[in-house]
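The values are calculated or read from the model by the stated rules, or taken from the named source; none is laboratory data. This is a predicted model, so every value here is computed, not measured. Methodologically, a virtual Cβ is constructed for each residue, glycine included, from the backbone with ideal geometry; neighbour enumeration extends over all protein chains shown. Ligands, DNA and RNA are excluded from the accessible area calculation, which covers all protein heavy atoms including side chains. Shrake-Rupley method; radii C 1.70, N 1.55, O 1.52, S 1.80 Å.
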Amino acid sequence: MTENQRQFPRHSLQIEVELQFLEDEPRTVITKNVSHGGLFLKLRNAEHYTMGEMIILNFKDPLEDYINTSKEGIIVRHTDEGIAVAFIEIEGF
């Protein structure tokens, strides 16, 4: 998918995100990029995070005036640099 085909444009922003995965202790990681639809997290052990699993993310959203934000997401891609996460948005709540 090319950059201009994306539903939500990416912004190259490095912010701290608290990542909660399964029964693991929460950990703080850094983003590579952020969009309204998801983000990419830089991780050394991306293989630990299973494709399709849900995670919880807590961060100050740079696209929404840095308000404290908690979002659920699904791991949609692995690379050598980390994982891509798509936010789960529930309409009507």
Original post:
Any residue at all in segment 39-51 that is open to solvent by less than 90 Å² (accessible area, probe 1.4 Å), touching a helix residue (DSSP H, G or I) at 6+ places or on another chain (Cβ under 8 Å) and either small (Gly, Ala, Ser) or part of a strand (DSSP E or B) (or both)?
Top reply: no
Subject >> segment 52-71, residues that are assigned to a strand (DSSP E or B) and under 17 Å from residue 8 (Cα atoms) >> reply: 61, 71
Original post:
Taking residue 67, is it open to solvent by 60 Å² or more (accessible area, probe 1.4 Å) and among the aliphatic types (A, V, I, L, M)?
Top reply: yes
**OP:** Go over the candidates 29, 34 one by one and state the one that is touching a helix residue (DSSP H, G or I) at 6+ places or on another chain (Cβ under 7 Å) and in a strand (DSSP E or B).
**Re:** 34
**OP:** Being of a type in the set (Phe, Trp, Tyr) and closer than 19 Å to residue 9 by Cα is the filter here, so list the residues in segment 33-51 that pass it.
**Re:** 40
**OP:** Go through segment 42-54 and give me each residue that's charged (D, E, K, R) and modelled with pLDDT under 95.
**Re:** 44, 47
Original post:
Across segment 10-38, what is the number of residues that are open to solvent by 80 Å² or more (accessible area, probe 1.4 Å), at negative phi and not small (Gly, Ala, Ser)?
Top reply: 8
Original post:
In the list 39, 22, 57, which residue meets the criterion of being modelled with pLDDT under 95 and more than 10 Å from residue 82 (Cα to Cα)?
Top reply: 22
